[in-house]
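Please treat every number below as a calculation from the coordinates, not as lab data. These numbers come from a predicted model, not from an experiment. Here the Cβ positions follow ideal geometry from the backbone for every residue, glycine too, while neighbour counts run over all protein chains shown.
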Amino acid sequence: MCTYVILLNWNGRKDTIECLDSVFRLNYPDFRVVVCDNASEDGSIEKIKSWARGEMIAKSANPLFNGHASTPVPKPIPYLEFKRAQAESGTVSHEARLILIQTGANLGYAGGNNVGVRYALSAPDCQFVWLLNNDTLVEPDALTELVAKARTDSRIGAVGSVCYFADSPATVQAWAGARVNLWIGFVRNSTEPRRDDWFHSLYGASMLVSRKAIDETGLLDEGFFLGWEETEFCIRLRNKGWNLAAAPNSRVLHKVNASTGGNSLVLDRYFTTSGLRILRLHSPAPHLAMFLFLTMRFARRFLRGQFANCGSVWTGIRDYRQMRAATPEMQAASSQETRNVRRANG
């Protein structure tokens, strides 16, 4: 049975190629890599194909990566290329080790990854899906350790890696996942070892999910554009009776926020919108939680003199309202979705 590695790319060809170069050094025996490109404008697809043909070499300033890269990845790497409609049709080939899918638009994190997940699930041999950020570098046994952990218990729905800062490889960024406070919309990743039953959510930079769990729980919620997607997904997993787990020896280096360049204004906007959405869907007291969430976000930024960030939070609120009230059909669907989630939550 095969594991499908899903990488989402948006104008990040350098990071994606470095990530691919590390992924194709994995010691796991049976995997395929699916790169979903969200309408990049930097020539990403052509550069990735050039790398796969052996016409260019991945280079990195990271010494750990360069240590792995001392022996070149055998080339060429056979690849297939599809448009979104083809990939999601369920009728195309899964034989190549590298699959490139052009989604046709910037669908965000959830929407872009879901294109790749749908493609993977159309393959009869798909047992696991590995959601992996394109701004990561993986150790050769990272996937082996994830799958080994998943196979220890048939009710493990998802497994997280231990992520380290790429520019400080000895420093833990996220020890697999986090606990979530749905009263105030707060989540903080652990940076130390935890028991598996401690986790409310896993860190989305490297998360292995079983096919059975996806079949039962569904895909990532495409109402999220950036932020909180993996948290919402993990909440649904747990509500369905699936367990979360950590693979302590699955080591991944993460460059952190490569797609946004670490722009706090962009992050504040999208994380506000996403935070409001997850509280509406899953908080035991949505209106109170949303009020507390926004009050804390505004207060912290105001007290720090980050007035432009206050504007970004307000823009996020506006985006959320527009998403909720875009059309009567969307509003009705959103209300039904909320009722369905609450039913599932009991």
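Each of 164, 119, 320 has some number of other Cβ atoms within 10 Å of its Cβ, and from fewest to most they run 320, 164, 119.
The order of the peptides 241-250, 11-20, 76-85 by mean Cβ neighbours within 10 Å, most packed first, is 11-20, 241-250, 76-85.
Treating each Cα of region 230-313 as an identical point scatterer and summing with the Debye formula, the log10 of I(q)/I(0) at q = 0.13, 0.15, 0.17 Å⁻¹ comes to -0.61, -0.77, -0.91. In straight-distance terms, cross-link reach from residue 49 covers every one of the lysines whose alpha-carbon lies under 20 Å from its own, apart from those fewer than eight places away in the same chain; here that gives 14, 59, 75, 83. With the highest mean first, a sort of the peptides 265-273, 279-287, 125-133 on other beta-carbon atoms found within 10 angstrom per residue produces 125-133, 265-273, 279-287.
Of all DSSP beta bridges confined to region 2-254, the antiparallel ones make up roughly 40%. Amide H contacts for residue 180 (H built 1.01 Å from N in the peptide plane; partners 5 or more residues away or on another chain; cut-off under 5 Å): 200. For residue 71 and residue 105, the difference between the fully extended length at 0.36 nm per residue and the C-alpha to C-alpha distance is 8.6 nm. All other residues whose Cβ lies under 11 angstrom from that of residue 131 are scored, Lys and Arg at +1 and Asp and Glu at -1, for a net of -2. Once the Cα atoms are used to define both axes, helix 264-282 deviates from the longest principal axis of the chain by about 70 degrees. Residue ranges 203-211, 34-42 sort as 203-211, 34-42 when ordered by packing (mean number of other C-beta atoms within 10 Å per residue, highest first). The local environment of residue 76, defined by Cβ-Cβ distances under 12 Å, has a net charge of +3 under the rule Lys, Arg +1 and Asp, Glu -1.
Straight-line cross-link partners of residue 47 among the aspartates and glutamates, defined as a Cα under 15 Å from its Cα and at least 8 positions apart when in the same chain: 15, 18, 21, 37, 55, 81.
Placing +1 on each Lys and Arg Cβ and -1 on each Asp and Glu Cβ, with no other charges, gives the chain a dipole about its Cα centre of roughly 920 debye.
Separation of region 226-305 and region 104-154, taken as the distance between their Cα centroids, equals 20 angstrom.
Ignoring aspartates and glutamates fewer than eight residues from residue 149 along the same chain, the ones with Cα atoms less than 15 angstrom from its Cα are 141, 196, 197. Note on residue 295 and residue 197: the extension gain reaches 32.2 nm, defined as 0.36 nm multiplied by sequence separation minus the Cα-Cα distance.
Axis angle, to the nearest 10 degrees, between helix 328-345 and the longest C-alpha principal axis of the chain: 80 degrees. Computed from Cα positions, the angle between helix 229-239 and the longest principal axis of the chain comes to roughly 80 degrees.
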